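Heads up: the structure comes next, in structure tokens.
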Amino acid sequence: MQAQDYAGAKWALAQRSVATTDAAIDDLVDRGAILRTHVLRPTWHVVAPADIRWLLALTAPRVHVASAYQYRALELDEPTFRRSEEAMARALAGGRHLTRAEIGRVLGEAGLASDGIRLAYFVMHAELEGVICSGARRGRQHTYALLEERVAPARPRTRDEALEELAVRFVAGHGPAQAVDLAWWSGLTLTDARRALGLAASRLVRETHGERTFWVSDSAGVSDSAGVSDSADSSGAVVRLLPNYDELLVAFRDRSDALDPSLPAGARSSEALLAHIVVRDGLVVGGWRRRMAGTSVGVELRSLVPLDSAERAALAVEAERLGRFLGRPVELTGP
């Protein structure tokens with residue numbers, strides 16, 4: 001799950017979990033039961049420790065290709081990366097967890113200039129190579145730890161095994177989806193995405209609509225554990241307050257299928273779709289903003305599609321669920 005905004009990623013996890021709180025997810029991250037690291041295309045994701053090694057083996061080479069221009073621009077070659085990762089490994093050995101700034105000082109002491117974006121690429125490369133991963137937070141600061149000390153060994157997968165499993169997981173969590181969506185989400189080539197879906201065909205259902213081919217899970221009819229009824233009133237209206245970069249949108253190359261047809265054209269821009277979004281029955285109908293105010297939370301709504309009384313009642317239920325997640329009362333404002 002994409003996770004460059006940590007607070008938003010925690011709420012996205014809660015949307016797909018049972019009785020999860022913000023503090024509980026922090027604890028899982030601190031204990032290493034959830035990792036937040038670079039995997040798939042070059043951005044942050046949260047991932048289960050049991051999956052990190054086979055995912056990195058499959059997708060890290062493609063992320064390196066995507067980052068090659070920046071590597072050259074920053075004069076970062078393989079010998080330089082090797083020196084940096086050896087320095088990180090020495091500094092983190094024995095269960096030490098260091099912040100990014102502290103890793104920057106370690107690299108400086110090793111004679112490696114690591115200011116600004118150069119440090120970001122040193123760290124990301126080490127994550128992709130399976131040297132480091134997320135550590136326990138120190139207050140509000142994130143730290144890094146050695147992956148070998150943080151994650152138990154796991155059986156390696158062949159490339160075809162990894163491709164098949166990735167396709168099954170992606171479709172189960174995002175279907176109906178197309179091959180181009182899997183390629184976009186994973187950072188793999190379209191050829192690899194099509195091969196992955198072909199390998200997984202016996203575990204998936206293939207549907208054609210016009211000129212487009214979609215894949216769905218063969219268990220798509222089974223209800224999920226996200227507690228959809230918690231955000232519905234007695235009429236059955238379902239309204240969600242989803243965070244920025246939520247998988248409902250960001251996992252798809254073409255996001256138009258997730259947009260309410262009556263949305264104004266200006267709300268269909270990439271920038272608007274990366275903000276917190278209001279979703280009615282699976283379609284985006286507006287946005288929202290969260291403001292911490294003392295012991296409470298203000299949720300400012302920007303509904304771009306009219307909501308009826310039942311849908312507003314469902315929205316109030318969803319706001320209460322957000323409040324339970326945060327451990328603070330939520331006050332809704334805005335149209």
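Return the pair list, or none, for Cβ contacts closer than 9 Å from residues in segment 68-83 that are part of a helix (DSSP H, G or I) to residues that are surrounded by 15 or more Cβ atoms within 10 Å (Cβ to Cβ) and aliphatic (A, V, I, L, M), at least 6 apart or on different chains.
Sorted first by the residue in segment 68-83, then by its partner, the pairs are 70/76; 80/112; 81/126; 83/107; 83/110; 83/112.
Could you tell me how many of the residues in segment 8-48 are open to solvent by less than 40 Å² (accessible area, probe 1.4 Å), assigned to a helix (DSSP H, G or I) and under 24 Å from residue 289 (Cβ atoms)?
The total comes to 11.
What number of residues in segment 188-211 are outside any helix (DSSP H, G or I) and loosely packed, with under 13 Cβ neighbours inside 10 Å?
7
Looking at (1) surrounded by fewer than 16 Cβ atoms within 10 Å (Cβ to Cβ); (2) at pLDDT 90 or above; (3) in contact with a helix residue (DSSP H, G or I) (Cβ under 7 Å, 6 or more places away or on another chain); (4) of a type in the set (S, T, N, Q), find the lone condition where residue 235 falls short.
(2)
Given the conditions (1) open to solvent by 30 Å² or more (accessible area, probe 1.4 Å); (2) basic (Lys, Arg); (3) out of contact with any Leu (no Cβ under 8 Å at 6 or more places or on another chain); (4) closer than 16 Å to residue 127 by Cβ, and given that residue 100 satisfies all but one, which numbered condition is not satisfied?
Going through the list (1) open to solvent by 30 Å² or more (accessible area, probe 1.4 Å); (2) basic (Lys, Arg); (3) out of contact with any Leu (no Cβ under 8 Å at 6 or more places or on another chain); (4) closer than 16 Å to residue 127 by Cβ, residue 100 breaks only (3).
Looking at the structure I just gave you, is residue 311 farther than 16 Å from residue 12 by Cβ and at pLDDT 90 or above?
Taking the combined requirement at face value, the residue satisfies it.
Got a sec? Which of 253, 280 is within 24 Å of the chain's Cα centre (by Cα), of a type outside the set (Asp, Glu), closer than 23 Å to residue 186 by Cα and at pLDDT 90 or above? So that I can check it myself, show each step before the final result.
Working: 280 fails: closer than 23 Å to residue 186 by Cα.
Just a single option satisfies the conditions, and that option is 253.
Quickly run through segment 103-124 and pick out the residues that are without any contact (Cβ under 8 Å) to a residue 24 or more places away in the chain and charged (D, E, K, R).
Once the filter is applied, which keeps residues that are without any contact (Cβ under 8 Å) to a residue 24 or more places away in the chain and charged (D, E, K, R), segment 103-124 yields 105, 109, 115.
Could you grab me the full set of residues in segment 308-322 that are more than 22 Å from the chain's Cα centre (by Cα), in a helix (DSSP H, G or I) and not hydrophobic (A, V, I, L, M, F, W, C)?
309, 311, 312, 320
Out of 39, 18, I need the residue that is in contact (Cβ under 8 Å) with a residue 60 or more places away in the chain, within 29 Å of residue 276 (Cβ to Cβ) and touching a strand residue (DSSP E or B) at 6+ places or on another chain (Cβ under 7 Å). Which one?
Within the list 39, 18, the selection yields 39.
Does residue 107 satisfy the condition of being surrounded by 19 or more Cβ atoms within 10 Å (Cβ to Cβ), at pLDDT 95 or above and over 20 Å from the mean Cα position of the chain (by Cα)? If you could, list the steps in order and put the result at the bottom.
On the way: surrounded by 19 or more Cβ atoms within 10 Å (Cβ to Cβ): yes; at pLDDT 95 or above: yes; over 20 Å from the mean Cα position of the chain (by Cα): yes.
Criteria met by residue 107.
The values are calculated or read from the model by the stated rules, or taken from the named source; none is laboratory data. Remember, it's a predicted structure, so these values are computed and weren't measured experimentally. Every residue, glycine as well, gets a Cβ built from its backbone with ideal geometry; the counts of neighbours run over all protein chains shown. Accessible surface is based on the protein model in full, side chains and every heavy atom, while ligands, DNA and RNA are left aside. Shrake-Rupley method; radii C 1.70, N 1.55, O 1.52, S 1.80 Å.
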